[in-house]
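**Student:** The structure under discussion is supplied below as structure tokens; questions concerning it will follow.
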Amino acid sequence: MSTLAQHGVTPRVLLVGAGHAHVEVLRQAAARSQPDVQLVLAVDRNPAIYSGMLPGFVAGQYRAAELAIDAVALAQRAGAEVVLEKICSIDAARRRVLTLSGREIGYDFASLDVGSGVLGSGLPGVDAHALPVRPIERLVAGVEPLISQARGLAGHTPFRLLVVGAGAGGVELAFCFEARLRAETRRRIEVTLLERGEAILAGAAASLVRRVTRAAGRRGIEILLGGEVAALERGIARLAGGRALETDAVVWSPGPAAHAFLRESGLPVDARGFLRVRSTLQVEGFDTLFAVGDCASLAGMKKAGVYAVRCGPILAENLRRLPTRRDLRVYRPQRDFLSLLNLGDGTAIGVDRGFSFEGRWVMRLKDRIDRRFMAKYR
């Protein structure tokens, strides 16, 4: 079978979403003097938000602009066409996507980096009474109103914050909201970290869990295990089993949920609805379609930004190789990685290969890593 290049045709590559991997594809394309492909970026919102610095924004350590990657500007530097619309359906067999407005976009090759939703968003009262972590722009927009709500409480009434979900993201948000609220309201802050499982930071090194648990005790953050929200009402979180928690605000971070349109498009998905991909990052059964980041499912690949970041260079190379029928690079998810949790008070806790550590120097390390990452896309 001949290649597009042999016929003098520049392959049309569609990037859906501006997650961590796709911004790396755009950065590399912008750096190349001769484009290998005709790029199209389809996004429904801009700028893209770097999730690694989000807890620091909550804590007041960063401005919103410092989290933002202008994906449209990056695409324009790469000579890419930009489509500012939401993709709602994919016809992988015909190599077409459909936008919410009904526009059809064709491609030779495509990649999906559309992230995820959040579990439990359809539960009664969650949309009305909780601040969800996804879409991430909604969380960014909701931080200041939550702080203002705490400031506006009458007298010396304590402000009660419930953070649902004790994965890495939920843990960081609990600590960072506690630090910010305490610093800016000068009132008693009562934070509860609710986890439906039997431990926080499921799957994490035991030493990290111990350090976070001790830090929570020092900061007065209550950890409540084995509790699952059944419904939210104004001022009340009702748990399965009948217990009710009084709360002034709820931050919703129980874990990622797959976008429904992936399954509805007839694409291969795992039991949770995430796209099944091969080690080349191609969607199973569709050689011309790739998927990366939280929307993708590959053995050993967790829902963490570090995996998407490391997929970026491999995806960029494979999108250049595939049109020429060269062998594709294989991505092997790392078994372990440096993990750093921002505690919001100028300190952080880290773990690497099972060994944990904490202090202000850990936060300085995290800040340096995050700023170096962001500088690549300015």
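**Student:** Evaluate Rg over Rh across the chain, taking Cα atoms for both radii and Kirkwood's formula for Rh.
**Tutor:** My calculation puts Rg/Rh at 0.99.
**Student:** Return one number: the angle in degrees, 0 to 90 and rounded to the nearest 10, between the long axis of the Cα atoms of helix 136-151 and the longest principal axis of the Cα atoms of the chain.
**Tutor:** Approximately 20 degrees, to the nearest 10.
**Student:** How would you order 233-245, 126-138, 102-114 from highest to lowest mean count of nearby Cβ atoms within 10 Å?
**Tutor:** Result, highest mean first: 102-114, 126-138, 233-245.
**Student:** For the stretch 338-378, with the dipole built from +1 on Lys and Arg beta-carbon atoms and -1 on Asp and Glu ones, taken about the Cα centre, which of V362, G344, F373 lies farthest toward the positive end?
**Tutor:** Farthest towards the positive end: F373.
**Student:** Please give the direction-averaged projected area of the C-alpha convex hull for the stretch 159-221, in square nanometres with one decimal.
**Tutor:** 4.0 nm²
**Student:** Further, regarding this structure: Assuming 0.36 nm per residue, please report the length gained on full extension of the stretch A260 to L224 beyond their Cα-Cα distance.
**Tutor:** Full extension of this stretch gives 9.9 nm more.
**Student:** Under the 0.36 nm per residue contour assumption, what length would be gained going from the current alpha-carbon distance of V140 and R94 to full extension?
**Tutor:** So the chain would gain 12.8 nm between V140 and R94.
**Student:** Relative contact order for the chain: what percent, with Cα pairs under 8 Å and sequence separation of 6 or more?
**Tutor:** That works out to 20 percent.
**Student:** Right, next: What is the local net charge at A258, summed over the other residues whose Cβ is closer than 13 Å to its Cβ (Lys, Arg +1; Asp, Glu -1)?
**Tutor:** Net local charge, A258 excluded: +2.
**Student:** Still on this model: Let's test the formula: R0 of 22 Å, r as the Cβ-Cβ distance of A64 and R378. What FRET efficiency results, to the nearest 0.05?
**Tutor:** 0.90
**Student:** Can you give the FRET efficiency for R332 and D127, using 1/(1 + (r/R0)^6), R0 = 35 Å, r = Cβ-Cβ distance, to the nearest 0.05?
**Tutor:** Efficiency at R0 = 35 Å is approximately 0.35.
**Student:** Moving on. Along each of its three principal axes, how wide is the spread of alpha-carbon positions in the stretch 119-255, in whole angstrom units, largest first?
**Tutor:** That gives 40, 33, 31 Å along the principal axes, largest extent first.
**Student:** For helix 20-31, report the angle its Cα long axis makes with the longest principal axis of the Cα atoms of the chain; keep it between 0 and 90° and round to the nearest 10°.
**Tutor:** 50 degrees
**Student:** If you average the alpha carbon positions of the stretch 147-226 and of the stretch 113-131, how far apart do those two centres end up, in angstrom?
**Tutor:** Here the answer is 20 Å between Cα centres.
**Student:** Divide by every residue of the chain the summed helix terms, -39500 (n - 2.57) for each DSSP H run of at least 4, and state the resulting mean residue ellipticity at 222 nm, rounded to the nearest 500 deg cm²/dmol.
**Tutor:** For the chain, the value works out to -9500 deg cm²/dmol.
**Student:** Sticking with this one: Provide the gained length on full extension for the span W361 to I236, in nm with one decimal, where the gain is 0.36 nm per separating residue minus the Cα-Cα distance.
**Tutor:** 41.1 nm
**Student:** Within the chain, what percent of beta bridges assigned by DSSP are antiparallel, to the nearest 5?
**Tutor:** Taking every DSSP beta bridge with both residues in the chain, the antiparallel ones total about 50 percent.
**Student:** Hey, can you rank 73-80, 140-147 by average C-beta count inside 10 Å, highest first?
**Tutor:** So the order, starting with the most tightly packed, is 73-80, 140-147.
**Student:** Let me ask something else. Check cross-link reach from K86 to the aspartates and glutamates: straight Cα distance under 12 Å, and skip same-chain residues fewer than eight apart.
**Tutor:** Candidates past the 8-residue exclusion: D44, E104.
**Student:** Over all directions, what mean area does the Cα convex hull of the stretch 113-191 project, stated in square nanometres?
**Tutor:** Average of the hull's projected areas for the stretch 113-191 equals 5.8 nm².
**Student:** So, one more: Just order 10-22, 248-260 by mean Cβ neighbour count inside 10 Å, highest at the front, would you?
**Tutor:** Taking the mean over residues of other Cβ atoms within 10 Å, the ranking is 10-22, 248-260.
**Student:** Turning to a different aspect of this structure: Excluding same-chain residues fewer than 8 positions from K366, which lysines have a Cα within less than 23 Å of its Cα?
**Tutor:** K302, K303, K376
**Student:** Continuing with this model, one more query. For the stretch 1-105, what value does the Rg/Rh ratio take when both radii are computed over Cα atoms and Rh is the Kirkwood radius, given to two decimals?
**Tutor:** Radius of gyration relative to Kirkwood radius: 1.06.
**Student:** In nm², what is the average projected area of the convex hull enclosing the Cα atoms of the stretch 47-204?
**Tutor:** The number I arrive at for the stretch 47-204 is 12.9 nm².
Coordinate-derived values only; no laboratory data. Just so you know, these numbers come straight off a predicted model, no measurement behind them. For neighbour counting, all protein chains shown are included, and Cβ atoms are generated from backbone atoms with ideal geometry for every residue, glycine included.
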